[in-house]
Amino acid sequence: MTQNYHQQVLFFSRLSNLLSITNKRDLIAAFHVSGTGKRRDPRLLSTPITLKRYAHKAVMDTGSRLKLVRESYKLSQRELARRSGVTNATISLIEQNRVSPSVSSLKKLLEGIPMSLADFFTFDQPPREHQYVFRANEQPDLGRHGLRLLLIGASVPSRQMRLLREQYAPGASSGEEPIVHSEGEECGLVTRGTVELTVDGQISVLNAGDGYYFPTTLPHRFRNIGADEAEIISANTPANF
């Protein structure tokens with residue numbers, strides 16, 4: 001079994017201790033169905049975590065999630081700062097939910113663990129084998145600041161592609177700085193709204209039905225320039241998160 005799998009097991013057992021008795025039983029039962037779940041000593045829980053509930057589902061905020069992941073990997077804030085190149089003060093502010101990191105900033109921070117964005121946002125889910133269908137509520141949102149990035153197949157091990165439902169609020173963008181990857185290709189289709197796409201300095205306006213395809217080694221940026229929400233269905237290979 002991989003180290004990541006064992007980390008998932010430990011995280012799941014800790015999370016179960018944070019919930020009400022009813023939900024705790026449901027979580028443990030679901031985990032035991034996988035054939036690998038084992039009860040853990042509740043004393044493993046080191047700090048209380050704030051949970052929010054939406055549609056009967058426990059949702060952990062980014063700061064609390066980062067703190068639990070960091071502690072699960074036995075990293076101090078100072079050590080994570082050294083590994084990632086993000087300041088100790090910034091990490092502290094994120095964990096206190098006083099700063100909301102951008103996707104690129106969070107990705108840089110997680111590289112110091114190391115952990116992918118997909119693993120970070122699905123770390124609290126019990127391991128599942130042979131999952132081929134991902135319902136709407138099983139697509140973690142990796143976005144920030146008016147941008148929702150709903151990742152399909154986040155729990156698939158060794159994914160070779162990244163498939164996203166990208167939803168931009170009016171005025172929202174992929175970030176102030178253009179995105180650049182060391183390798184890969186990306187394509188997508190605008191399903192609604194009006195999106196400004198900049199690739200290597202070339203600006204195009206895309207409407208519903210328009211698509212794109214470019215190498216991700218070129219700097220690129222997306223921005224919703226319409227009055228309504230815009231949506232893009234995009235795919236990227238290799239999976240960069």
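What follows is calculated from the coordinates using simple rules that are stated; it is not laboratory data. In this text, all values refer to a predicted model and were calculated from it rather than measured experimentally. Neighbour counts run over all protein chains shown; Cβ positions are idealised from the backbone, glycine included.
Things worth noting here:
- Computed P(r) (all Cα pairs; segment 61-162; 10 Å bins; percent): 14, 48, 30, 8, 0
- Cα gyration tensor category, rounded, prolate or oblate, for segment 122-241 with a/c compared to 1.5: prolate
- Peptide packing for 85-95, 176-186 was compared via the average number of neighbouring C-beta atoms within 10 Å per residue; ordered from the highest value, the list is 85-95, 176-186.
- Taken along the Cα-to-beta-carbon direction at a fixed 7 Å, the label points for Glu79 and Ser104 span 3.0 nm.
- Between Glu183 and Ile203, the modelled labels are 3.4 nm apart [label points 7 Å from Cα along Cα→Cβ].
- Estimated from the Cβ-Cβ distance and a Förster radius of 25 angstrom, the FRET efficiency linking Thr87 and Glu176 is about 0.85.
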